[in-house]
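The values are calculated or read from the model by the stated rules, or taken from the named source; none is laboratory data. Given the structure is predicted, the values throughout are model-derived calculations rather than measurements. Note that each Cβ is placed from the backbone with ideal geometry, even for glycine, and that neighbours are counted across all protein chains shown. Heads up: the accessible areas ignore ligands, DNA and RNA and are worked out on the full protein's heavy atoms, side chains in. Shrake-Rupley method; radii C 1.70, N 1.55, O 1.52, S 1.80 Å.
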Amino acid sequence: MRNFTETTLTDAVLAKLDSAPSPRFRHVMSSVIRHLHACIREVELTEAEWFAAIQFLTAVGKKCDDKRQEFILLSDTLGVSMLVDTINHHTPTGATESTVLGPFHVPGASEIANGANVAAGFPGEPTLFSGRVVTMAGKPIAGAQLDVWQADAEGLYDVQRANLNGKQLRGIVRTNEQGKFWFWTVRPTAYPVPTDGPVGQMLLNMGRHPYRPAHIHALVTAPGYESLTTHVFAEGDQYLDSDAVFGVKDSLVVKFTRHEPGTAPDGTVMKQPYFTVSYDFGLSVVGR
Ligand code: BEZ
Ligand code: FE
């Protein structure tokens, strides 16, 4: 075939998919091609704009390494990650809602005992995070694993600090026989997503701020239950309604309560003011 026109080209490209062996691949790619062509026709993309898009995607790729995933950041800031999340997780009653994983999860964090401090030596106000992992009916799940990670009071994850090994401000804690977990950390603050790359420039061009409201990440797993990727967000944060990655859900917003020096609920004697935050994570059974 030759002599394609603005109107015949799309069908010609789609026809090339006819011999793709996977039906799912054919389905997804045909949608990608149709929407991409429709977008280019709609905006009547100029050649300069086409080249700027190529340069942008090249820069996104070049910014990626084993510690930085600019493509995930692009997906997050365009709302694609949350769209995939909402399509794939229709949370049943009693189960905790999910939200984005984000780029700062490090597989293989250290196992910590209940009551341990994941933020020793990091800037921030001491905070006792406690709660339970429960079934949709509210029954405790013993031996559930919570992989938690967060930024410090300066808004940085360990992997963003050059001299750290990706083992701090994070840990894996297990629930006890009553389904309870507790650990010490620092109160998280709002922080900007990384803006020193092409996605930061894109946010600037869009007139958007890069901030995420203060949160603690949790990846909760237990045998026989669907794994849960979520956050708890700090009530009152100024960015709850304008999260740069569209991840906030009301059910995940919790109060961080301030206490004067004294004995904390886990028996730790605190010589300085501290915060407590409590959250029960509900898991749904596999294949429900
Ligand atoms: C995060 O919360 O760690 C995060 C999520 C999406 C983009 C950047 C950071
Ligand atoms: Fe985060």
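Averaging the sequence gap over all C-alpha pairs within less than 8 Å and six or more residues apart, then dividing by the number of residues, gives the range 188-272 a relative contact order of 23 percent.
If you add up the charges near L73, with Lys and Arg at +1 and Asp and Glu at -1, over every other residue whose beta carbon is less than 12 angstrom from its beta carbon, what do you get? Kindly include the intermediate steps, with their values, before the conclusion.
Working: positive: K63, R68, R212; negative: E70, D76, D196.
Every neighbour counted, the sum reads 0.
Taking only Cα atoms and a 10 Å spring cutoff, compute GNM fluctuations for the chain and point out the largest among V245, V32, V232. Between V245, V32, V232, it is V32 that shows the largest mean-square fluctuation. About its Cα centre, the chain has a charge dipole of approximately 540 debye under the convention of +1 per Lys or Arg Cβ and -1 per Asp or Glu Cβ, with nothing else charged. Ranked by the mean number of other Cβ atoms within 10 Å of their residues, highest first, the peptides 146-152, 101-107 come out as 146-152, 101-107.
Using +1 at the C-beta of Lys and Arg and -1 at the C-beta of Asp and Glu, which of Q150, V253, L283 has the Cα lying farthest in the positive direction of the dipole of the chain? Most positive-ward Cα: L283.
Loop-located trypsin sites (Lys or Arg not before Pro) across the range 156-240 with a Cβ neighbour count of 13 or fewer within 10 Å are R208, with loop assigned by DSSP. Using only the Cα atoms of the range 9-73, build the gyration tensor, take square roots of its eigenvalues as a ≥ b ≥ c, and label the shape rounded, prolate or oblate: rounded if a/c is under 1.5, else prolate if a/b is larger than b/c, else oblate. Cα axes put the range 9-73 in the oblate bin.
Think of the chain as having a plus end and a minus end, set by charges on the Cβ of Lys, Arg, Asp and Glu; of N205, V133, T5, V133 sits farthest toward the positive end of this dipole. With all protein chains kept in place, the per residue accessible area of the range 9-73 amounts to 76 square angstrom at a probe of 1.4 angstrom.
Which one, A214, A59, I172, projects farthest toward the positive side of the charge dipole computed for the chain from Cβ point charges (K/R +1, D/E -1)? Farthest towards the positive pole: I172. Taking the chain as a Gaussian network of alpha-carbon nodes connected by springs under 10 Å, the highest mean-square fluctuation of the residues A53, A137, A20 belongs to A20. Figure legend: label point modelled 7 angstrom from the Cα of D241 along Cα→Cβ; no residues of the range 175-197 have amide N under 14 Å from it. Mind checking the range 1-95 for chymotrypsin sites (Phe, Trp or Tyr not before Pro) that DSSP puts in a loop (not H, G, I, E or B) and that have at most 15 other Cβ atoms within 10 Å? Here the sparse-neighbourhood loop sites are F4.
Over 31 Å between C-alpha atoms is what I'm after, so list which of K16/K249; K67/K271; K167/K271; K16/K67 land there. Before the final figure, lay out each step's value.
Values: K16/K249 42 Å; K67/K271 37 Å; K167/K271 27 Å; K16/K67 37 Å.
In this structure, K16/K249; K67/K271; K16/K67 lie more than 31 Å apart at Cα.
Under a model in which nothing but the beta-carbon of Lys, Arg (+1) and Asp, Glu (-1) is charged, the range 9-73 shows a dipole of about 320 debye around its Cα centre. The order of the peptides 8-16, 116-124, 128-136 by mean Cβ neighbours within 10 Å, most packed first, is 128-136, 116-124, 8-16. Of the GluC sites (Glu not before Pro) in the range 1-70, the ones in a loop by DSSP (not H, G, I, E or B) with at most 13 other beta carbons within 10 Å are E6, E44.
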